[in-house]
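Here's the structure we're looking at; comments come further down.
The values are calculated or read from the model by the stated rules, or taken from the named source; none is laboratory data. Remember, predicted model here, so these are calculated numbers, not experimental data. All Cβ positions, even for glycine, are placed from backbone atoms using ideal geometry, and neighbour counts span all protein chains on display.
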């Protein structure tokens, strides 16, 4: 019995040793396989990174070349399209997003930008003191009176000559302007005004009346500002551009102000295109 028991224990020990040996061998083999796979993966990633870096450098060079090309050809596309035209730009105090790029675009196209600054939301026409100062009769319906003010301002801003209502609003501290003298006749108007990232609806009402009277009126937004002016302008039946600061925005703006295109151009969901596709026939 003792010898048999000893033999069985010896056999169990041998099998246990074989099992442990096989297990350890498998682990070592798998580890070797994993190490090989990891090395292969690292090598593959390094190759991909090198290829992507090379491709990125190529794309960057192409973009720089394209930017140089656009910068060279844009002045040729817009040059002279606004020659001898005065463009009224309406902004509000504290919010002049896109004004600089818009002015530069107009000047590059040969036009003259003049600026009208709104100091109070809604031109202060809801304020009884303003209403009294502007001569509203007590028996006149407020909404009817406000509409008459909008119509009068549209007429004053569209044509050369004395601007008594505009001057009255200036004296009340509601309006300010730069270069907008009485002898200046306006050929087109661009509205950039917004309050708390909301479009200045009353100004767009006036712009709509100007457009109906034959003065081109559009809504203007700077790239990424999302003031809602462009979409609101379209709702008023006007054209619009929402990507000033980009070459496409400059081109779109000039084409709209020159009367050579209509519609909403930019990056907004309802924009018809990034820029007008049809060039003026010379």
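Residue count for segment 150-168 satisfying the condition of being over 31 Å from the mean Cα position of the chain (by Cα) and either surrounded by 15 or more Cβ atoms within 10 Å (Cβ to Cβ) or part of a strand (DSSP E or B) (or both): 4. Considering segment 90-133, and only residues there that are crowded, with 19+ Cβ neighbours inside 10 Å and part of a loop (DSSP other than H, G, I, E, B), the residue that is modelled with the lowest pLDDT turns out to be 97. Comparison of 204, 253, 192, 223 shows that the only residue that is modelled with pLDDT of 95 or more and farther than 22 Å from residue 149 by Cβ is 253. Has segment 250-269 got any residue that is within 18 Å of residue 99 (Cβ to Cβ) and out of contact with any helix residue (DSSP H, G or I) (no Cβ under 9 Å at 6 or more places or on another chain)? Checked against the condition, which is being within 18 Å of residue 99 (Cβ to Cβ) and out of contact with any helix residue (DSSP H, G or I) (no Cβ under 9 Å at 6 or more places or on another chain), segment 250-269 yields at least one hit. Selection of segment 77-89 for residues being under 21 Å from residue 184 (Cβ atoms) and either without any contact (Cβ under 8 Å) to a residue 12 or more places away in the chain or not in a loop (DSSP other than H, G, I, E, B) (or both) yields 86, 87, 88, 89.
Of the residues making up segment 169-182, those that are under 18 Å from residue 91 (Cβ atoms) and assigned to a helix (DSSP H, G or I) number 2.
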